[in-house]
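The values are calculated or read from the model by the stated rules, or taken from the named source; none is laboratory data. Bear in mind the structure is a predicted one, so any value in this text is a computation, not a measurement. Here the Cβ positions follow ideal geometry from the backbone for every residue, glycine too, while neighbour counts run over all protein chains shown.
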Amino acid sequence: MGTSWSEYGSYLVLVVLLVIAPGPDTMVMLKNSLSSGGRGGLASISGIASGNILNGSAAALGLGALVAQSQTLFTVLRWFGVAYLCYLGVQALRAAWRGEYGGDVGAARRSGGFRCFREGFLSNVTNPKVLVMYLSVLPQFIDPAQTSIAEALLLANTVGVLGAIWLLLLLFVVRRARVWLNRRHVRRSMDALTGTALVGFGAALAS
């Protein structure tokens, strides 16, 4: 095995620190869990995990480096990500401004599973910083002469698995607090917070 278990343990510690840091994926999941309930949150997590698996596998197989080295492709992906994060952020801010909430959290839009999956997936795959993260971290734990493709894929997809587990824990907390979150002023505040954060992440990605 190219990567020892001790090295894998160090890798796990680093990955845990990376996945618990708030980012666009976390904000998208929170936004959709508030607007579309637990199903929306789960759909978002599935989309985010799928994006992580795609990014991680591409990096492990060497395809990610090709994207990062292509200035045109990287720039197009970055600006698409900027536009999409800002779009999601403005949606949340508009909801906060209108304050039109009724019934239980997500009761009005439980059928938007595919939309939530799509938003989670696109927020991940259109963020080139995710790919750069994989390309920056993986080489530190991979020995090209000894590490097999299977081992490289294991390391890469560990990020997606742990990231999904972390988001599931956050979703559990949100669902446990649904009575409190159902209060109109709380939901407006949460929409305003997630919307501002998403626009901020978009601006940071543009810089």
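Modelled with pLDDT under 75 and farther than 15 Å from Met29 by Cβ, is that true of Ala152? Steps first, answer last, please.
On the way: modelled with pLDDT under 75: no; farther than 15 Å from Met29 by Cβ: yes.
When the stated conditions are applied, Ala152 does not pass them.
Applying the selection to the stretch 136-153, what residues are buried (at least 17 other Cβ atoms within 10 Å of the Cβ) and either of a type in the set (Asp, Glu) or assigned to a helix (DSSP H, G or I) (or both)?
Within the stretch 136-153, Val137, Leu138, Glu151, Ala152 meet the criteria.
Taken over the stretch 31-64, the criterion of being of a type in the set (A, V, I, L, M, F, W, C), at pLDDT below 85 and out of contact with any helix residue (DSSP H, G or I) (no Cβ under 6 Å at 6 or more places or on another chain) is satisfied by Leu61, Leu63.
In the stretch 165-196, which residue that is basic (Lys, Arg) and either assigned to a helix (DSSP H, G or I) or touching a residue at least 60 places away in the same chain (Cβ under 8 Å) (or both) is surrounded by the most Cβ atoms within 10 Å (Cβ to Cβ)? That would be Arg187.
Which condition number does Ser207 fail, the rest of (1) at pLDDT below 80; (2) surrounded by 14 or more Cβ atoms within 10 Å (Cβ to Cβ); (3) of a type in the set (Gly, Ala, Ser) being met? Tallying (1) at pLDDT below 80; (2) surrounded by 14 or more Cβ atoms within 10 Å (Cβ to Cβ); (3) of a type in the set (Gly, Ala, Ser), Ser207 fails exactly one: (2).
With respect to (1) in contact with a Ser or Thr (Cβ under 8 Å, 6 or more places away or on another chain); (2) at pLDDT 85 or above; (3) of a type in the set (A, V, I, L, M); (4) under 17 Å from Gly200 (Cβ atoms), the lone exception for Ala96 is condition (2).
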